[in-house]
Amino acid sequence: MTYRIGHGFDIHRFSDDPSRKLMLGGVLFEGQRGLEGHSDADAVIHALCDALLGAAGLGDLGQHFPDSDPAFADADSLQLLADVVSLVHSNDWVIVNADVTVLAETPKLAPHRKAMETRLSELTSAPISIKATTMERLGPIGEGLGLAAEAVALLQNGQL
Ligand code: MG
């Protein structure tokens, strides 16, 4: 039995465009300022995808879904995650679990945390935990210019 751990990080700046919606962990945060990005800018899913790809030794999200490709403009990150999970599974890896930390001054994550965990767990067939911390008003995230997410994921391969 082989285990592999992977780490992912993503950061996005808040958008001034009022039409941008805030999507985190595949959940819509109603009434909150959206993030800038080529896709829907779901930093939680992007960090999670990179952790999964990293653990499987399959590169990173930008390599599989280049932001220079118009096909991924406003891409639904839930679909990107579904594609990454398929890729991981087709390489004979099972996702054991993943753990995500969101770094943000706003919005409050607590009201949406369970919904995010449930949605991501369904898509990955694994327990996914979401945690949040502020940056104590330090640095660009602390000043509310954007938010970031970090993730670690563990994979298991049944082959000896
Ligand atoms: Mg991103």
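The mean sequence separation of alpha-carbon pairs under 8 Å and at least six residues apart, normalised by the residue count of the chain, gives a relative contact order of 34 percent.
Accessible area per residue was computed with a 1.4 Å probe on protein heavy atoms; Asp16 scores about 140 Å².
Could you order Ile128, Ile11 so the one with the most accessible surface comes first? Probe is 1.4 Å.
Numbers: Ile128 10, Ile11 90 Å².
My answer, sorted largest first, is Ile11, Ile128.
Within the assembled protein chains, the solvent-accessible surface assigned to Ser129 is about 40 Å², based on a 1.4 Å probe.
Given a 1.4 Å probe and every protein chain left where it sits, what share in percent of the accessible area of the stretch 3-157 is carbon and sulfur?
Working: 3940 of 7550 Å².
Within the stretch 3-157, the accessible surface is 52 percent carbon and sulfur.
Accessible surface calculations at 1.4 Å, restricted to protein heavy atoms, place the stretch 3-157 at 49 Å² per residue.
Within the chain, what's the longest run with no GluC sites (Glu not before Pro) in a DSSP loop and at most 15 other beta-carbon atoms within 10 Å? Give the range, please.
Numbers: sites that count: Glu36, Glu136, Glu143.
Segment 37-135 is the longest.
The distance from the alpha carbon centre of the stretch 1-79 to that of the stretch 97-160 is 12 Å, rounded to a whole number.
The values are calculated or read from the model by the stated rules, or taken from the named source; none is laboratory data. In this text, all values refer to a predicted model and were calculated from it rather than measured experimentally. In this analysis, Cβ positions are derived from the backbone assuming ideal geometry, glycine residues included, and neighbour counts consider all displayed protein chains. Just so you know, the surface numbers come from the protein's heavy atoms only, side chains and all, with ligands and any DNA or RNA stripped out. Shrake-Rupley method; radii C 1.70, N 1.55, O 1.52, S 1.80 Å.
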